[in-house]
Amino acid sequence: MAFLAGLLASGILPSRALAQPTGKILGRITSQPEGLVLPNAAISVSGSDISVLSGAEGWYFLTGIPEGRHEVTVALIGYGTARDSIDLELGGVLTLDFRLSPAPVDVEGLVVEARRNPLEGKGNRRVFGPEELARTQASTLTELLRGLVPGVNLTSTSGNVGAESRVRIRGVRSLREDSPLFFVDDVRIGSSDFRGPPGTGGSVLAFLNNLSPTDIDRIEILHASEATLLYGTDAAGGVILIYTKRGGVW
């Protein structure tokens, strides 16, 4: 031993030449009782930094494990944690399978925290209150939007009475050229909900023109970034929120 220590000190014999061989553990993770393969389960050797995730077919392979007794732990969200102790021989290979039983996720004490949208007030939302609405002296919602909101463009699709007006919010870009969504007192108004007589159009905006501007308390315009964040991909063309003074059925 003194001779080997001398060789190490002199650099003649690399230290890795004295490295002890390590063992391996392999196996498969499945569910109990169905026997379904479970990918992405975390398998670890307790008391070490040796860990791995199971593959798509549930297989795992742990290497670099020293000789001796070890505890192997398997954890996967939605399943109970499993443990097993093994005795690994020097340079040995051991097969160790696990079957995990489903376990409900404990949500006791879960805290849901609501925070103010960081996009608000940064150019993605325009709010028009009673004073601004009163200055327009508009008689219809179409006139109100046209005179009040410089970023909203309205164009008529035909010359029919009550025909649909195409609405676009300037700055919003979409592959489908979507029109904005309309909400009145937080209730979505869809084109399929209202059909006028033949030849009269019957669009959402044509219907909303029945709402007197004097009954509107405020209008909020949401551009695409905030609109899609709050209302999903349907709001790629933006959102127009209309709040009435009654705040109820109108």
Using θ = phi - 60° and the Karplus relation 6.51 cos²θ - 1.76 cosθ + 1.60, list the HN-Hα couplings for segment 26-36 in order, rounded to whole Hz, with x at every Gly or Pro. 9, x, 9, 9, 10, 8, 10, x, 5, x, 6
Extended-chain gain in nm, criterion 0.36 nm per residue less alpha-carbon gap, Q32 and F61: 8.4 nm
Inter-label distance for R99 and V127, nm, one decimal - labels placed 7 Å from Cα along Cα-to-Cβ: 6.0 nm
Please compute the length gained on full extension between N210 and R83, using 0.36 nm multiplied by the number of residues separating them and subtracting their Cα-Cα distance. 38.9 nm
Going by average Cβ neighbours within 10 Å, how do the peptides 93-104, 228-239, 37-48 rank, with the highest at the top? 228-239, 37-48, 93-104
Arrange the following residues from fewest to most other Cβ atoms within 10 Å of their Cβ: Y243, Y79. Y243, Y79
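All of the numbers you see were taken from the coordinates with simple rules; none came from a lab. Since we're looking at a predicted model, the values are computed, not measured. All Cβ positions, glycine included, derive from the backbone under ideal geometry; neighbour counts span all protein chains shown.
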